[in-house]
Amino acid sequence: MNKSHFEKLERMYLQANVNKMIFDTTTCKITKERSEISLVVSEKYFHALGAIHGSVYFKLLDDACFFSVNSIVEDVFVLTTSFNINLIRPANHGLIKAIGRVKFKSKELYVAEATLYNAEGREIAFGTGNFAKSKIPLSEDIGYK
């Protein structure tokens with residue numbers, strides 16, 4: 001794996017329309033079989049009870065798993081085929097961080113897990129996803145829009 005592949009994936013994440021539309025402040029760091037995605041909590045992500053909505057937990061966990069897998073697949077995008085999430089406790093301030101890691105890989109299937117931590121470093125959620133290679137090539141200009 002080369003560093004330019006990881007940098008391309010990081011740019012792709014930060015430039016994705018959905019991330020620019022939803023998230024105010026986010027960071028992304030990708031290495032071999034691992035990714036770390038952080039978000040500064042804002043009230044914009046809260047549900048009626050004053051904490052982050054579960055959909056934000058899901059997005060961060062799925063993204064962390066996705067990029068840990070795509071870190072080792074350099075020719076095509078991977079696709080999430082299923083994802084299971086467990087919400088442990090609410091978060092409503094500070095920086096939250098999702099750390100994703102590849103747990104299993106074969107020719108046709110990848111499994112990754114991610115853990116989401118609050119500003120104090122406590123686990124607030126975790127998830128496991130299954131991923132498969134798509135037929136969509138990772139072009140050289142990904143992340144340069």
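The values are calculated or read from the model by the stated rules, or taken from the named source; none is laboratory data. Quick caveat: nothing in here was measured; it's all calculated off a predicted structure. FYI the Cβ positions are ideal-geometry reconstructions off the backbone, even for glycines, and counts take in every protein chain you see.
See the values below:
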read-out: Residue within region 100-114 that is crowded, with 16+ Cβ neighbours inside 10 Å, under 19 Å from N19 (Cα atoms), touching a helix residue (DSSP H, G or I) at 6+ places or on another chain (Cβ under 8 Å) and modelled with pLDDT under 95 present; value: no
read-out: Boolean, C65 is in contact with a strand residue (DSSP E or B) (Cβ under 7 Å, 6 or more places away or on another chain), in a helix (DSSP H, G or I) and of a type outside the set (F, W, Y); value: yes
read-out: Candidate set from region 23-43 (those that are buried (at least 16 other Cβ atoms within 10 Å of the Cβ) and in a loop (DSSP other than H, G, I, E, B)); member that is farthest from the chain's Cα centre (by Cα); value: V41
read-out: Filter pass, V56 being touching a helix residue (DSSP H, G or I) at 6+ places or on another chain (Cβ under 8 Å), among the β-branched types (V, I, T) and part of a helix (DSSP H, G or I); value: yes
read-out: Yes/no for K20 being over 11 Å from the mean Cα position of the chain (by Cα) and in a helix (DSSP H, G or I); value: yes
read-out: Near pairs, Cβ below 9 angstrom, 6+ apart or cross-chain, from region 55-77 (more than 17 Å from R101 (Cβ to Cβ)) to any residue that is of a type in the set (S, T, Y) and surrounded by fewer than 22 Cβ atoms within 10 Å (Cβ to Cβ); value: S55/Y45; V56/Y45; V76/S134; F77/S134
read-out: Residues satisfying the stated conditions in region 87-145, i.e. of a type in the set (S, T, N, Q) and under 17 Å from Y13 (Cβ atoms); value: S134, S139
read-out: Residue tally, condition modelled with pLDDT under 95, assigned to a strand (DSSP E or B), surrounded by fewer than 16 Cβ atoms within 10 Å (Cβ to Cβ) and not β-branched (V, I, T), over region 73-88; value: 0
